[in-house]
Every structure is written in structure tokens, then in C-alpha cells.
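Report on one structure; see the data block that follows.
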Amino acid sequence: MSATTTVENEVVVPAGVAAVWARVVDPDGINHELRPWLTMTMPRGTTGLAIDSVPLGRPLGRAWLRLFGIVPFDFDRLVVVEVQPGRRFLERSSMLSMRLWEHERTLAPVAGRTRVHDRVTFRPRLPVPSWPGRPRTPRGCGRKTASSTVTTAGTAWDNG
């Protein structure tokens, strides 16, 4: 069985929380974040809905991931389980390639700007091999980064 991995990232955006929230829950905003490598469709029957207006805890259908916005290569069985409007959402889904895909996004005001914190936890359906030269520096050893941490099987690693 594949290991569960958690990746966290934080960034401060030079815009107010309301403006950032409106963008991160909107399908156009989601695709803006994913481009140019990926785009994601919304499931059938959800046209005009945003993450903060979908029914909670119910599978919404397949959200297709497309390489370069053209080639479908995976899908997300999208389920939004929690929303705190203007502040936080939690998606807990499965994908064709992942037994578990969980994305939590939290927004916090910071002096007229917004701190965006993402935590993504995933468990691939198939083992993901390591590759030669892959940086794997244990936390507390070597170079540290303030904004991104990866945790695999209970051990934290810097993104090195």
C-alpha cells in the first residue's frame, strides 16, 4: 500500500481576504492557479456554483484534470465536506490515481493582505517510486524553508 503524504504551503497575497476568497472558490480562479500545466473541470450539474455554494458532504461528480488544459488524464470525485465562508474550506475526495485526496485551504488577514495556507494530504493507489537525486532532507537538518513542508508516513521533510 502507498504511504499517505501531507504537503503544506503558505503564501501571503497582496489583497484583502474577501477578494482572495472570491477568487479561490471560483472555478476560473482554481484554473488560474493550476495553469499553464493543468486545468480542472467542474462536475456536470454544478455550472455556476463555486466551492462555497455546493452541497456539503455529497459527491458532486467527476472533476476532470486536463494536462495543458486539453488532455484529460485523471479525475477527482469531488466532495466538499466543510466550508467556513470567507475563511476556510475542506475537500475530501478520491481520484482515479489517489485513494485519498484532501485539500484544506485557510485564509487569514495580515495587515491588509491575506495569508493563504494550504494543506494537501494524499495517498496514491499505486506506490510512487523515489528517483535518484530527489531531495529528502529531514526536518532540522540542512536547509529549511519557511513556507513549505512535506510529511510522509508521519515524518516531516523540508521541500529542500
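The values are calculated or read from the model by the stated rules, or taken from the named source; none is laboratory data. Since we're looking at a predicted model, the values are computed, not measured. Virtual Cβ from ideal backbone geometry, glycine too; neighbours counted across all protein chains shown.
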- Test: residue in the range 47-59 that is within 19 Å of V24 (Cα to Cα), at pLDDT 95 or above and touching a Pro at 6+ places or on another chain (Cβ under 9 Å): no
- Message: For the range 112-125, check the following and say yes or no: at least one residue is of a type in the set (S, T, Y) and at pLDDT below 95.
- Response: no
- Task: Can you tell me which residue among I70, I51 is without any contact (Cβ under 8 Å) to a residue 24 or more places away in the chain, β-branched (V, I, T), over 17 Å from T121 (Cα atoms) and in contact with a strand residue (DSSP E or B) (Cβ under 9 Å, 6 or more places away or on another chain)?
- Result: I70
- Going through the range 61-100 in order, the residues found to be in contact with a Phe, Trp or Tyr (Cβ under 6 Å, 6 or more places away or on another chain) and at positive phi are G86
- Task: Being surrounded by 18 or more Cβ atoms within 10 Å (Cβ to Cβ) and more than 11 Å from the chain's Cα centre (by Cα) is the filter; apply it to the range 94-111 and report the residue that is modelled with the highest pLDDT.
- Result: L107
- Note on the structure: Checked the range 51-75 for anything surrounded by 18 or more Cβ atoms within 10 Å (Cβ to Cβ) and assigned to a loop (DSSP other than H, G, I, E, B); matches are V54, L60
- Message: Filter the range 4-21 down to the residues that are in a helix (DSSP H, G or I) and surrounded by 15 or more Cβ atoms within 10 Å (Cβ to Cβ) and list them by number.
- Response: V17, V20, W21
- Taking the residues in the range 1-33 that are in contact (Cβ under 8 Å) with a residue 12 or more places away in the chain and of a type in the set (D, E) as candidates, determine which candidate is farthest from V79 (Cα to Cα). E10
